[in-house]
1. If R0 is 41 Å, what FRET efficiency do you get for V129 and T408 from their C-beta distance, rounded to 0.05?
2. Restricted to Cα positions, what overall size does the range 226-265 have along the principal axes? Three whole-Å values, descending.
3. Simple spin-label model, 7 Å along Cα-to-Cβ: H98 to D447 in nm?
4. Ratio to report: Rg/Rh of the range 97-168, with Cα atoms as the point set and Rh obtained by the Kirkwood method; give two decimals.
5. Taking the alpha carbon gyration tensor of the range 226-300, what are the square roots of 5 times its eigenvalues, largest first, to the nearest whole Å?
6. So which aspartates and glutamates pass the test for K325, namely a Cα distance under 16 Å, with those fewer than 8 places away in the same chain ruled out?
7. Where in the chain is the longest stretch that carries no trypsin sites (Lys or Arg not before Pro) classed as loop by DSSP and with at most 10 other Cβ atoms within 10 Å?
8. Gain in length, E327 to L54, computed as 0.36 nm per residue apart minus the alpha-carbon separation, to one decimal in nm?
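Rule-based calculations on the coordinates, nothing more; no lab input. Everything numeric here is computed off the predicted structure, so don't read it as measured data. FYI the Cβ positions are ideal-geometry reconstructions off the backbone, even for glycines, and counts take in every protein chain you see.
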Amino acid sequence: MTTTARTMQVVCALLACAAPALARAQGVDTVQTDTAADRLGLWARTSRASGLVLSSGKTYNRVEGLPVYIGPVFHDSVGAADLNASVMGIIRTADTFHWDSQNLGHRIAAEMRVGRGRGYALGVSSYDVMTPVEPWQLPDPDAALAAFFWHRDFRDYFNRHGAKATATFNMSTRSSFSADWSDERWSSPRERSVFTIFGNGKAWRANPVVDAGRFHLGVLRANIDTRNNQDNPSTGWLIVAEYERGSGRPTDLGPASPLARPIVTPQVTYGRGLVDVRRYNRLSPTTWVNARLVLGGWLNGDDLPLERRFSVGGVGTVPGLDFRKYEPGTVDVSQCSDGGQPPPGNPAQCERVALAQLEYRNELHSSLFDFLNARPIRLRGIGFTVQPTVVAFVDAGRGWLVGQPSGTLVYSSNSFPRFGTFRTDVGLGLDLGLIGIYVAKAVSSPDEPANVFLRVHRRF
């Protein structure tokens, strides 16, 4: 890699990864902007005006590096309808912008939206993109900065190449019900040479091989958001629920543990659900108790394809446990391998998952902090304030397989594991608003050392 290419990768990745994270840490007196009208580009904020856009994918990982989007966008209105269209080509920085099929992609979209709050939207899109297997665990900026700085990628990825039609009914500005239908080809990208600040040149954890083939998906999704603030909520609910019906004919099957996929069928039809419920409670002007519950997994039909499976463990779920850690001879309720050597990359293989998180937050005040916050630091029009908050938390979660009951790994479809089999941890942290530093200690595995980690988002 040349010095110029390496410098360009560093600059692009820093701008792309840090900008969305910083934007979410803004103080209460920040100048508010219409997030639907403005889009954060790679170099500057771009408006709704039509034109040519250069932007990032707001992520950084071991299969893409930094995805760079470039192409024209179009915005107009006809009566009460807003029309939006974009034709974006994607080039990825992995292997020093090497020109090959894995480093090239696209995202083409057109949408008609009626109503600013209550209303509806119809859209179609075509895409060739890299998608996380479990995006519910960790927000994009946290995953991106961990990969860019520390050579740690807390996600696995697969390629989605296809088209989708979407219909959305907006009950309010932030609550909606939508239905998607898509025709996609799934494939397994490999990990590549991607620059990192620390540990550059070291080998990455293998990106697991998933089930490749053509799949048709129908998805129903409900999003109910009553929070008083999307970025720093103190009261309200966030409920996200979806049901996915998929069918396809895999052409290549990824490796799986024997218990995780005992039967291989040429045609796969499955039903999969995911519910993520978050509640924010203000106890006083400076204290909060927040809770999160995630339930997801197989509901009906054949075994789930590998890219639609689940796991727990790591920074986004139970941070007292190392991400994708393999412990020979143990019952693996984190990834659901059956105790033998797991497939390369130790992929998520669980058909169902349950996760509960509880945290207590206490905001600290002093004359020094009040002085620092009197005039917020501004970066690209965004004001930042120091709002130190002590966070105490507990987490409990596990995954399991569905089938003929066997030990503490396989359960029948109408049963639920005992709480004593869950992986648990406790932790303490200091959230500064812009970034937080935390320490977590596993309780279910007392011999495990404590883990120290950073978050550029609130935990949830």
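1. Numbers: r = 37 Å, r/R0 = 0.91.
Plugging the Cβ-Cβ distance into 1/(1 + (r/R0)^6) gives 0.65.
2. For the range 226-265, the Cα extents along the three principal axes come out at 47, 22, 14 Å.
3. 4.1 nm
4. On the way: Rg = 16.1 Å, Rh = 14.9 Å.
Computed over Cα atoms, the ratio is 1.08.
5. Details: eigenvalues 323, 34, 18 Å².
Each semi-axis is √(5λ); the values are 40, 13, 9 Å.
6. Of all the aspartates and glutamates, those that pass the test against K325 - Cα under 16 Å, at least 8 places apart if same chain - are D153, D156, D338, D425, D447, E448.
7. Details: sites that count: K202, R380, R418.
The answer is 1-201.
8. Extra length from E327 to L54 when fully extended: 93.8 nm.
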